[in-house]
Amino acid sequence: MYPTALIRGVPESFSNALVMGERPAIDVEKARAQHRGYQEMLQNAGYSLLPVAADERYPDCPFVEDAAVILDSLAVITRPGAPERRGETEAMAAALGTLLALRHISDPGTIDGGDVLRVGSTVFVGRSTRTNDAAIVQLGEFAAEVGLNVVAVPVSGVLHLKSAVALLDDETLLIAPDCVDVGLFANYSLLHKAPGETHLASVLRLRSGTLAVTTTAPATTGLLRDKGYSVVSVDSSEFQAADGGLTCLSVLID
Ligand code: GLY
């Protein structure tokens, strides 16, 4: 069964997914085709898929990362920052509860998994428009149960921490320095996103070490290849239109 990638189908209502700015046109059929490509990429990387059915009531439900955070043997079911997304967690808890022990973020905490970046034994948590201090404290208590520590990171200019910081390997992060305090990541080697690609460059590190990178970030892709990384380009335009990056579309359990 392991490694497992939980993914969730794309509902018709995805065209009404939340967006930070003006609403772009979202082509749901194209999003579904891109989602199939994403699933194939995960399977080729060795993951077994754990599919959760789409729910028309929740346009953003394909962005499964926001509804659950995996901390080793624990699945922390979040309380998403956007009230209209809170119902997404029920089906996620049902699926993950078959595999892992569950913990739940509770009121007044709000947190989106897109704000949670695990690097070794450290769990960086973005303090964003979606994630508050109450949830960061609660997540810190769950993290301590499995020997991990939490570091809060104020985030600006992007939706989630993982829009600004991506894991490249165990020692190296890709970072948008205008969105976070780089001093908080002083223990790591840092590569900066190419100028103009802060919102366009999204990276998902696969088990093999290969990096999946959005096709909308050619300069950052070139930078990563120059540094010796194996890169596979992924067209996720319809999900990017809804402020979603490549990590958002799966919950990976190793
Ligand atoms: N559309 C992603 C989000 O706003 O949560």
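The values are calculated or read from the model by the stated rules, or taken from the named source; none is laboratory data. It should be emphasised that the depicted structure is a prediction, and the values quoted were computed from it without experimental measurement. Here Cβ is always computed from backbone atoms with ideal geometry, including for glycine, and neighbour counts include all displayed protein chains. These area figures cover heavy atoms from the full protein model, side chains too; ligands, DNA and RNA do not enter into them. Shrake-Rupley method; radii C 1.70, N 1.55, O 1.52, S 1.80 Å.
Which FRET efficiency value, to the nearest 0.05, is calculated for residue 170 and residue 133 with the Förster distance at 25 angstrom and r the Cβ-Cβ distance? The pair residue 170/residue 133 has a calculated efficiency of 0.30. Here the dipole of the chain is about 260 debye; that uses its Cα centre as origin and unit charges on the Cβ of Lys and Arg (positive) and Asp and Glu (negative).
With all protein chains kept in place, the per residue accessible area of the chain amounts to 41 square angstrom at a probe of 1.4 angstrom.
For region 138-247, give the percent of accessible area contributed by carbon and sulfur heavy atoms, probe 1.4 Å, rounded to a whole number. Its accessible area is 50 percent carbon and sulfur atoms. For the pair residue 121 and residue 207 in one chain, pulling the backbone fully straight at 0.36 nm per residue adds 29.2 nm over the alpha carbon distance.
Would you mind counting up the charge near residue 251? Only other residues with Cβ under 10 Å from its Cβ, with Lys and Arg at +1 and Asp and Glu at -1.
Numbers: positive: 8; negative: 65, 66.
Combined, the nearby Lys, Arg, Asp and Glu give -1.
Farthest toward the positive end of the dipole of region 144-254, out of 146, 252, 237, is the Cα of 237, where the dipole comes from beta carbon charges about the Cα centre. Evaluated over the Cα positions of the chain, the convex hull gives a direction-averaged projected area, one quarter of its surface, of 11.9 nm².
With Cα atoms defining each centre, region 90-128 and region 174-190 are spaced 22 Å apart in the structure.
By accessible area of protein heavy atoms, probe 1.4 Å, what ranking do 227, 30, 193, 162 get, highest first?
Details: 227 125, 30 95, 193 20, 162 55 Å².
Most to least solvent-accessible, the answer reads 227, 30, 162, 193.
From the alpha carbon centroid of region 1-75 to that of region 230-244 is 12 Å.
Rounded to 0.05, the FRET efficiency of the residue 225 and residue 93 pair, given R0 = 41 Å and the Cβ-Cβ distance, is 0.55. Bridgeable lysines around residue 227 (alpha carbons under 26 Å apart, same-chain partners fewer than 8 residues away excluded): 162, 193. Here region 42-67 is scanned for amide nitrogen atoms under 19 Å from the site 7 Å beyond the Cα of residue 13 along Cα-to-Cβ, giving 52-67. Just check region 123-219 against the gyration tensor rule for me: Cα atoms, a ≥ b ≥ c as the square roots of the eigenvalues, rounded for a/c under 1.5, and otherwise prolate or oblate depending on whether a/b exceeds b/c. Verdict is prolate for region 123-219.
Once fully extended, how much extra length lies between residue 156 and residue 2, figured as 0.36 nm per residue of separation less the alpha-carbon to alpha-carbon distance? Intermediate results must be reported in sequence, preceding the final value.
Working: separation 154, 0.36 × 154 = 55.44 nm, distance 3.53 nm.
Taking 0.36 nm per residue and subtracting the Cα distance, the gain is 51.9 nm.
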